[in-house]
Each structure stands twice: as structure tokens, then as C-alpha cells.
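Structure first, commentary second.
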Amino acid sequence: MAVLDVSEALKSLTTTMESIEAVLDVDKLRAEIAVLEEQAAAPSLWDDPENAQKVTSRLSFLQGQVRRTEELRSRIDDLAVLFELGEAESDAETLEEARTELDAIRKAVSELEVRTLLSGEYDEREAMISVRAEAGGVDAADFAEQLQRMYLRWAERKGYPTEILDTSYAEEAGIKSTTFTVKAPYAYGTLSVEQGTHRLVRISPFDNQGRRQTSFAGVEVLPVVEQTDHIDIPENEIRIDVFRSSGPGGQSVNTTDSAVRITHLPTGIVVSCQNEKSQIQNRAAAMRVLQARLLARRKEEEQAKMDALKTEGGNSWGSQMRSYVMQPYQMVKDLRTEYEVGTPQAVLDGDIDDFLEAGIRWRKRREQEGE
């Protein structure tokens, strides 16, 4: 890389970092960190475990944001020195090290820049994800389970805790549906671009004639409800049914009827939970899912007046958004952003960061065009 190119690359990175720092408002973050540190040091913090968890989680997240920003700024400054040293000494090894670091910094700055694009009302929240098998029979059920694993693996790579609230297993293989949470700041804003219908094309392992099969699975992403949302559900508006939990192949996994299904009578929304050990725990988890869906429904109704959906840009539950092709060639392609890769197995193993980034940038452009 020529000296001029290096100079331009460093200048571009510096400009981008200045923009990121302005959007993040690092001084404001430091002020919030100081307040949270004072709260976290209070002896009475854990008298309210739920609030304590929120305080410590928010503090850790903000500290990470500031540290990440400061480290990137420092790495850019150090990189300039490294390039100067390599050029002055005509040291090929040092220059190669600097080029490798430049690529790494570009990726890190790009990832941080994407975070600044998450400015929606609920983007900072944890995410609740539902995956359900659609058209395609047993292949669709198997695909739904693969998608569940994809998101759980992605969260695991990031170090994000997850909690599976409900899984309904299909009879032969795979799952009919599942609901789980990803407990990390900005999980909703990041993962909301995954909402829609996913399509799989492959040679079906369940077809004894080895024919190619197309199957579909739907993904819904909701923000986790917080106390400030005021989603009150009167007891007379819900019907609660209990049933016996089941595992793969329809086998019973509990000897008691601990699974809970809640029907919201005014809207017809039905949610269930069977992954907790007691009926009380399952009921509480099912109510959280119901509240999240009612929150999304309320948000959708509010924004319908402004011709917008709950996950901006027309990416509603049911619209086809990504294809995973295993046969006759290997490709995963996002139908909105046109971003594609030739490694479907890596994607299904949780390597979806580039798809998420492309989706977030696409959505931001759509929002700006609509202004």
C-alpha cells in the first residue's frame, strides 16, 4: 500500500471515529457511568435483585462502549506510528503487520459505527425471538431448529446470555416453534433485521428419493417488555390452559401438567411456555411473551398512521428476506440488501454478523429516504 493510500486510509478512519464519538456522546456516557457506579456501590443495591441486574448490566455495557471507543482511537494513533516506522526503516515485516492491523481496525470501526445506527425507540433492549416452521413439512421443522441454533450460537459467540422460554417439538424431526430471549443491550435493535421468512433449498435428508426440497421458517423479533411500558393485561381478558410438556418425538418430559398456554381474548394472540419446571414459572414466562407481543402490536398500530411497520422498512413477519441454498450450489443471500456469501454452513453455525450489519445499514438508508 502506497504512502498516499495509507495517509488517506488513516484520515478516513479518524473522520469516522470522530463521527462515532459525536453520536455516542462519550462525555455523556462517562457521566452516566459515574452515576451508575455510585448506585452499584450502594449497600442496598441487591435488596431489589431485578433493578440491581439492570444497573450492573447497563454499567458494564457503557464501560465497554467507552473502553472500546478509547481503544480504537489509540489503535489508530499507534497505527500511524507503525506505518511511519516501517516506511522509515524500509521494514517489510513491520509494514505487513501494519496492513494487517489496518484491516482489523477497519472492521472494528465498521462494527462500532453500526451500533450508532441503532436509534429506534426499543433498539437498546434485549430481544425476544420466535421461530416457527412454515411450508415444507418435516424439512421446515428441521430448518426452524437450525435457525434457532444459528441465533443461539451467534449469542454464545458474543457472550450474550439466552433463555429458552418455549419449544414445541415436531413429531418426526425438528421443531414446530420456539421462543427465546437474548439478554444483551441492543440485542433487539441488532436482531430485528432478522424478522421475516427464511427459505432453505437443499436435498432433503427426509426424502428417500433424494429430491431437492424448498422449505420455509418464520422469524419474529420483539423487544423485551420493561416496567415503563405499562402493558397491563386484565385477568378477564385472558384464558389460561395447562397441559403436559413434551419433548422430541412427542414424548412427555414432565409427570405433571406444568406447561401453560395463554390466550389473549381481545386479540386472539396465543402464547405458551413449557421449559420451566413449575406451572407458576411457565405462567410468568408466558406472560412476558404475551406482553412483548402486545407491545409490538401497540407500536405497530401507532406507526401505521405514519405508514411504518414495527420493524421499519416493510420487513414484517411473513415477508421473505433470506435464502439459504445448499443445492445445486452453496449460497446464502439476503433478498433486501443483496448481500450474499457462499458458506451456508458457517452462517447456520452463527456467523451472521455481516448479514446483520448489512441489514442495519439498509434499514437506516430506508429510514433516511423516507424522511
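What is the residue count in the range 352-371 for residues that are modelled with pLDDT under 95 and not in a helix (DSSP H, G or I)?
1
Name the strands (runs of 3 or more DSSP E) wholly within the range 83-199 that hold at least 2 residues that are outside the structural domain of S12 (by TED's automatic domain parsing) and of a type in the set (G, A, S)?
Values: elements: 127-133, 162-169, 175-182.
Correct list: 127-133.
Any residue that is touching a strand residue (DSSP E or B) at 6+ places or on another chain (Cβ under 7 Å) and at pLDDT below 80 - is there at least one of those in the range 253-271?
Yes; the residues of the range 253-271 include at least one that is touching a strand residue (DSSP E or B) at 6+ places or on another chain (Cβ under 7 Å) and at pLDDT below 80.
If a residue has to be assigned to a helix (DSSP H, G or I), within 17 Å of E226 (Cβ to Cβ) and among the acidic types (D, E) to count, how many in the range 33-76 make the cut?
1
Checking E50 against (1) within 22 Å of T190 (Cβ to Cβ); (2) loosely packed, with under 13 Cβ neighbours inside 10 Å; (3) among the charged types (D, E, K, R); (4) at pLDDT below 85: exactly one of these is not met. Which one?
Condition not satisfied by E50: (1).
Report yes if T56 is among the β-branched types (V, I, T) and surrounded by fewer than 16 Cβ atoms within 10 Å (Cβ to Cβ), otherwise no.
Working: among the β-branched types (V, I, T): yes; surrounded by fewer than 16 Cβ atoms within 10 Å (Cβ to Cβ): yes.
The answer is yes for T56.
The values are calculated or read from the model by the stated rules, or taken from the named source; none is laboratory data. If you're wondering where the values come from, they're calculated on a predicted model, not measured in any experiment. When we count neighbours, we look across all protein chains shown, and the Cβ atoms used for this are built from the backbone with ideal geometry, even at glycine.
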